[in-house]
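Right, one structure below, let's go through it.
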Amino acid sequence: MSPIANVQSLLAKPFMPAVFFLSGVTYDTLTLTRIDRLQDNLLLLIYLLLLGVLIVLTGRLGIEPAQDREQLAALAPFARWVLRVRPYYPMAVQFLLGSLFSAYAIFYSRSATLTSTAIFFALLVALLIVNEFLRDRLSSLLLLVSLYALVCFAFFTFFLPVMTGYMNSAIFLVGAGLSAGVTFRVVQLIYRNNPDRSKREAVGVTAPAFVLIGLLVGFYFLNWIPPVPLSLKFGGIYHEVKKAGDRFELSFEKEWYQVWKRSDNTFPADEPIYCFTAVFAPVDLNTTVYHHWYFRANDDKPFTHADKIPIKISGGREGGYRAYTFKQRLNPGDWRVDVETEDGRIVGRVSVLVEERSDPSPILRTVLY
């Protein structure tokens, strides 16, 4: 058997799609570094442009192979090639959607927490997986336009804050408007001067995409969308926090066998307590986050508001903007600090159990951050 035949036989194995899927996600995880990296954002923008072009070509030309050879011969070489590769449009669309969903899943995972903000991230992961089985459905304009609206929305949600240096509801709504505008333009290019398509069909294709964008805007105001491009790089509870040059000394309890411990998870009730966090923000992004302290006396009761302390942060530092807040003599019980944006979305969470102690002074270790 020839080498080419061997390769074709291997590619036909049923497990190969899963191998390519996992390989692609792993590659993106290793190569997509910072959400404000210009090369990564330009690549995603190119993917969006190519995807829009393919959707327009699918809508105007279909995906059936060309049959009239004489008609093909009369066309320019590029036009002839565009018609000949029509059967491969769904595969190209699937590749571009997979690349976009993979990148978004990675970027949004860095901002998602195990709270309501994980809902949109879970949707992206689900679509990343489902995309592997959609090839036979990717000739449906209704599905293509809706997915295109979603990938545009996910892109502009973090791209505009990165580019403008502002992160608020107005910027988010501008991004949602741009997503709707780009999607409408793609539909317009499909149906303009196209005798094979009707205006009623155009409305039927556009309406679900606009409804989807409206639904995602509702997700935002319900705080169900992770606060990209912000992400919590580090956070913990400490006995003391001191600035030492360009680093912070963080003191916490640690026994010799607790190799991986980096902060306190229990704390005495009669001592000052510090919450230290490092929040990554893109270059030129200046915003305010909050250390929102919550308390509950026992597991049977819900957490209640205790204090909310603003922290102005500036972006650019790889390890995140470092800051801390502290409290005096907390009541025994469960405490947590939610790192929140101005609109209430949770960037990260730090938890600790405060308890009465009669033990002697513990041994403290110090780490630098």
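Take Gly165 and tell me if it is at pLDDT 95 or above and not β-branched (Val, Ile, Thr).
no
Within the stretch 180-200, can you find the residues that are part of a loop (DSSP other than H, G, I, E, B) and more than 16 Å from Leu57 (Cβ to Cβ)?
Pro195, Ser198
Could you check the stretch 112-139 and list, in sequence order, the residues that are β-branched (Val, Ile, Thr) and farther than 17 Å from Phe155 by Cβ?
Thr113, Thr115, Thr117, Ile119, Ile129, Val130
State which residue is farthest from Gly333 (Cα to Cα) when the search covers only the stretch 251-301 and only residues that are aliphatic (A, V, I, L, M) and buried (at least 20 other Cβ atoms within 10 Å of the Cβ).
Only one residue fits best here, namely Leu285.
Consider Val217 against the criteria (1) among the β-branched types (Val, Ile, Thr); (2) touching a Phe, Trp or Tyr at 6+ places or on another chain (Cβ under 7 Å); (3) assigned to a helix (DSSP H, G or I): it satisfies all of them except one. Which criterion is unmet?
Among (1) among the β-branched types (Val, Ile, Thr); (2) touching a Phe, Trp or Tyr at 6+ places or on another chain (Cβ under 7 Å); (3) assigned to a helix (DSSP H, G or I), the lone unmet condition for Val217 is (2).
Taking the stretch 252-270, which residues are within 36 Å of the chain's Cα centre (by Cα) and over 10 Å from Gly236 (Cβ atoms)?
Glu253, Lys254, Gln258, Val259, Trp260, Thr266, Phe267
Enumerate the helices (runs of 4 or more DSSP H) found wholly within the stretch 56-120, keeping only those where 1 or more residues are within 30 Å of Ile346 (Cα to Cα) and modelled with pLDDT of 85 or more.
So the answer is 89-109.
Need at least 3 residues that are touching a residue at least 40 places away in the same chain (Cβ under 8 Å) and β-branched (Val, Ile, Thr) per element, so show me which strands (runs of 3 or more DSSP E) inside the stretch 247-328 make the cut, counting only ones lying wholly within it.
Per the criteria, 273-280, 286-296.
When you scan the stretch 256-273, do you find a residue that is within 23 Å of Trp293 (Cβ to Cβ) and of a type in the set (A, V, I, L, M), even just one?
yes
Considering only the stretch 94-130, state which residues are within 13 Å of the chain's Cα centre (by Cα) and aromatic (Phe, Trp, Tyr).
Of everything in the stretch 94-130, those that are within 13 Å of the chain's Cα centre (by Cα) and aromatic (Phe, Trp, Tyr) turn out to be Phe101, Tyr104, Phe107, Tyr108, Phe120, Phe121.
Filter the stretch 329-369 for residues that are without any contact (Cβ under 8 Å) to a residue 24 or more places away in the chain and either touching a Leu at 6+ places or on another chain (Cβ under 7 Å) or surrounded by 14 or more Cβ atoms within 10 Å (Cβ to Cβ) (or both) and give the result.
Correct list: empty.
List pairs: first residue in the stretch 223-239 and closer than 23 Å to Lys327 by Cβ and of a type in the set (D, E, K, R), second residue at pLDDT below 95 and outside any strand (DSSP E or B) anywhere in the structure, Cβ distance under 7 angstrom, at least six positions apart or on different chains.
Short answer, once both residue conditions are applied: Lys233/Gly319; Lys233/Gly320.
Could you figure out which of (1) acidic (Asp, Glu); (2) part of a loop (DSSP other than H, G, I, E, B); (3) at pLDDT 95 or above isn't true of Asp334?
(2)
Of a type in the set (Gly, Ala, Ser) and not in a helix (DSSP H, G or I): does that describe Gly236?
Answer is yes for this residue.
Farther than 30 Å from Gly59 by Cβ, assigned to a strand (DSSP E or B) and at pLDDT below 95 - does that describe any residue in the stretch 220-231?
Scanning the stretch 220-231, I find at least one residue that is farther than 30 Å from Gly59 by Cβ, assigned to a strand (DSSP E or B) and at pLDDT below 95, so the answer is yes.
Is it true that some residue in the stretch 153-170 is within 26 Å of Pro90 (Cβ to Cβ), touching a Leu at 6+ places or on another chain (Cβ under 8 Å) and of a type in the set (Val, Ile, Thr)?
Within the stretch 153-170 (the criterion being within 26 Å of Pro90 (Cβ to Cβ), touching a Leu at 6+ places or on another chain (Cβ under 8 Å) and of a type in the set (Val, Ile, Thr)), the answer is no, since none of the residues qualifies.
Take the stretch 137-191 and flag every residue that is buried (at least 23 other Cβ atoms within 10 Å of the Cβ), free of Cβ contacts under 8 Å to residues at least 60 places away in the same chain and hydroxyl-bearing (Ser, Thr, Tyr).
Of everything in the stretch 137-191, those that are buried (at least 23 other Cβ atoms within 10 Å of the Cβ), free of Cβ contacts under 8 Å to residues at least 60 places away in the same chain and hydroxyl-bearing (Ser, Thr, Tyr) turn out to be Ser179, Thr183.
The values are calculated or read from the model by the stated rules, or taken from the named source; none is laboratory data. None of these values were measured; they are calculated from a predicted model. Cβ sites come from the backbone with ideal geometry, for glycine too, and all protein chains shown count toward neighbours.
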